[in-house]
Structures are given as C-alpha cells and as structure tokens.
Amino acid sequence: MKLLANIFLSGLAILACVSCSKDEDPVLPLEGAKLSVAVKASGTATKAYNPNDVNELEGEAYINNLAVVVFNETGTELLGYKWEALSGAEHSAIIADVPTTNAVRARIIVLANVPRDLLSTVSTYDEFQTRLVDLSSQSQTNLTMSSQVIVTKSALSEEDNYLGYEDLGDQNVDGISDPILLTRVAARIDLVNISTRFAGTPFAGREVRIDAVGIYNMKTKSYYFSEADWGETEAPDAVRNSEDTSFEDLLVNDGASISNTPFVHYVMENMKSDDHTMITVKATLRGNSSYQDHTKIFTAVINASGLQNDYDHNFIRRNYVYRLRIYFDGESFDNIPVTPDPGPDPEPEVDTNLNIAVQVVGWGPVMQHPVID
C-alpha cells in the first residue's frame, strides 16, 4: 500500500508532562471531578512544526487554543467545559481545571483552534454533533483539530484520574494509555509539478503559460469531530468553487518544468457528494509565427481512483495531503494556424482531459495526553 504504514509514528507527539497543583484546586462538590490537560510537543527543539513530517508546512501543527468538553455517558447532560487561548504554544501547553459537576461515566472531546464561544451554547452531545466549522476559518497557522469521542467505561474518580498517560499504564481510566490523537478536519491540495511532453508531437518546441488554477466543488463546511479515531466529518451540501489564483509569466516547456508547488489550497472532506472536488487549470499553448495562442480550461477530479491505486479512499478525506502532478501532451491543445485577418480571440474551451497523477499522503497526526485530576 502506498500510504505510509507508519504514519502514526511520524506525527507530532504531544505528551502530558505535568498536572496542576493540588494547592490551586478549586473547591468542588464532593461528587465533582476536574479535568486538566498538559501537552508537550516532543522532538521539536527549535521548530514549531514536526521536522520529520515532510508533508507538514510550518504552522500546520500550531495549537493556538485548546478546548475540552465533558458530557455524561449518554450525552444528555453537559458536565463541564473549558476553552483557553495559548500563546506561543509551539512546544508545550497546559489547559487546567476544566470543571465537571459529577464524577460519573463521561463522554469527552478535546479540540484545538476553535472559536471561544463554540461551547458556551452547547447543552447536549447531540447538539454539539451538529455544529459546523467553516473553511474560511482555516489557515496554515490555524487548522481546527479534534480527538475522537472518548466514552469512559468507568466513572471518573473523585480523586486523581488519568487518560492516555503512557507512564501510568493500567492506572489510566479504562487502561487507555496510548496518546489521544488530534486530527485536522481540513485536507490540503498541493499542485507540486507541471510539465509538458511535446517531443515528437506537433507542439515540439512550444511552451505553455499557466494562467490560473482553482478548485471546483470544494466543500466549505465540516463537522468539528467524529466519534471514531480519524473518522468522517463530512457535512452535507456546502459545495462551491474557489476563486482562481492567477499567475503571470508562469511558463513550462519540455526543458523546464515547474516543480516549486505554485498552488496550495485547503478544502473540507468530500467523499460522499456527487459533486466531486476537482482542480481546474487555465493554460495557454503559446503561439509562434505559424500558429496562434490556444487557451483551454482543464479540469480533473482529485483522487477519483484512490482505491484502485492502493490508497485507502477515493476523493477527499480529512487530514490528508493530495500532491498533484499534471502534464500537457500532444493531445492537450490544437494547432490553430495564423490567418491574414484573424477574428477576435475565442472564449477558452473547457476540457476535462487533464493528465494528472495524484499522490495521497497523510499529515503527521497531533497527539496529546489529557490528565484528569
């Protein structure tokens, strides 16, 4: 399988390092419990991103704020929540003293980079499940992340509780000692390479100008979290086209490909919609003394054959990077002869025959250990 098998090992690990001081604990009802989350980004001594993850751009693992929400086991009652802004959380961060009203079996969700008021109007788990995050809020330094839903089999203790704390092993709630994964809700599309294959065709020696690149049928909304680890967050509808990114003097020929990733775009998960997410490229075959310029708009569905190519999904799934390589060949354009009295330039043709190769790679995940005191 082409997707890296050790993706969970190459991610940004966020490990619990401290718990809050007992002297600073607020006075809670006897039946109450308190949730504290301490995080530390390991292996990032001087960088805010994971240097071992070649697919991660700087800033994509920033944790600008953390939020924790705790419901009772059935989700019918909100037991407590807390949102906390973090400053310079490149390597470590703590969110402490999340108040809960009862030491009972709990349903816990951890989120990063979400609005301050997200949880203030939530009263039940079912209600929280319907909340949507908008693509316009996502950027390279502010990507929303969320854990799977953690439903404890045991009631939270009125004493210290731990969850996902490796050093404590079976002392964790339900013995869950593996790090809890924070997964981005967005995906990223990279146009990494553009080339021509004109040798031996009527276009030999010609070059192509890339005029604009955009995304068609991109999902603009997503649910904040999924019940499963790295589960689906796709929201219905909310499909639109992006604005095109225009280029000047971006030229490619057989002797000079474009390999500096000129286009990067975030999108939301889109696996079930009939309107599949596509890349669109407006390109012009440059004319010469014998032939006119010929402009066409090319489109292609992104990752339409993922399963066939040994990836684990088709189309767009959250927390993946789609690395696109496109090329133009002897079938891509037409040779239009220069005439003595040429007419006005025609509208660009729309052509779905874009030669595209898709590589699906996973972002290194973000992990953390929550500590319940």
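The values are calculated or read from the model by the stated rules, or taken from the named source; none is laboratory data. Nothing here was measured: the structure is a model prediction, and the numbers come from that model. Cβ sites come from the backbone with ideal geometry, for glycine too, and all protein chains shown count toward neighbours.
Worth pointing out:
- Here is the figure for the stretch 31-84: residues that are surrounded by fewer than 15 Cβ atoms within 10 Å (Cβ to Cβ) and modelled with pLDDT of 90 or more total 2.
- Filtering the stretch 192-214 for residues that are closer than 29 Å to Ser147 by Cα and touching a residue at least 60 places away in the same chain (Cβ under 8 Å) leaves an empty set.
- Test for Arg209: is it in contact with an Asp or Glu (Cβ under 7 Å, 6 or more places away or on another chain), over 27 Å from Thr183 (Cβ atoms), charged (D, E, K, R) and modelled with pLDDT of 95 or more: no
- Highlighted here are the strands (runs of 3 or more DSSP E) found entirely within the stretch 120-198 that include at least 1 residues which are over 13 Å from the mean Cα position of the chain (by Cα), of a type in the set (Val, Ile, Thr) and buried (at least 23 other Cβ atoms within 10 Å of the Cβ): 186-197.
- Restricting the stretch 280-316 to residues that are over 18 Å from Ile356 (Cβ atoms), outside any strand (DSSP E or B) and not hydroxyl-bearing (Ser, Thr, Tyr), the residue that is nearest to the chain's Cα centre (by Cα) is Asp312.
- When Ala199 is tested against (1) touching a strand residue (DSSP E or B) at 6+ places or on another chain (Cβ under 6 Å); (2) more than 16 Å from Ile316 (Cα to Cα), exactly one condition is not met: (1).
- Test: Thr196 is within 30 Å of Asn335 (Cα to Cα) and of a type outside the set (Lys, Arg): yes
- Residues of the stretch 150-167 satisfying the condition of being modelled with pLDDT under 75 and among the aliphatic types (A, V, I, L, M): Leu163
- Residue in the stretch 279-300 that is of a type in the set (Asp, Glu) and closer than 18 Å to Ser195 by Cβ present: no
- Residue check, Ala93 surrounded by fewer than 17 Cβ atoms within 10 Å (Cβ to Cβ), over 23 Å from Asp174 (Cα atoms) and at pLDDT below 90: no
- Scanning the stretch 291-308 for residues that are surrounded by 15 or more Cβ atoms within 10 Å (Cβ to Cβ) and within 29 Å of Thr183 (Cα to Cα) yields Ala300, Val301, Ile302, Asn303, Ala304, Gly306.
- Residues in the stretch 248-266 that are surrounded by fewer than 17 Cβ atoms within 10 Å (Cβ to Cβ), touching a Lys or Arg at 6+ places or on another chain (Cβ under 7 Å) and over 20 Å from Arg206 (Cβ atoms): Val264 only.
- Here is the figure for the stretch 317-373: residues that are under 20 Å from Ser195 (Cα atoms), outside any strand (DSSP E or B) and at pLDDT 90 or above total 6.
- If you filter the stretch 309-325 down to residues that are buried (at least 21 other Cβ atoms within 10 Å of the Cβ) and of a type in the set (Lys, Arg), you find that the one that is nearest to Ile336 (Cα to Cα) is Arg317.
- When the stretch 199-221 is filtered for residues that are among the small types (Gly, Ala, Ser), surrounded by fewer than 19 Cβ atoms within 10 Å (Cβ to Cβ) and assigned to a strand (DSSP E or B), only Ala212 remains.
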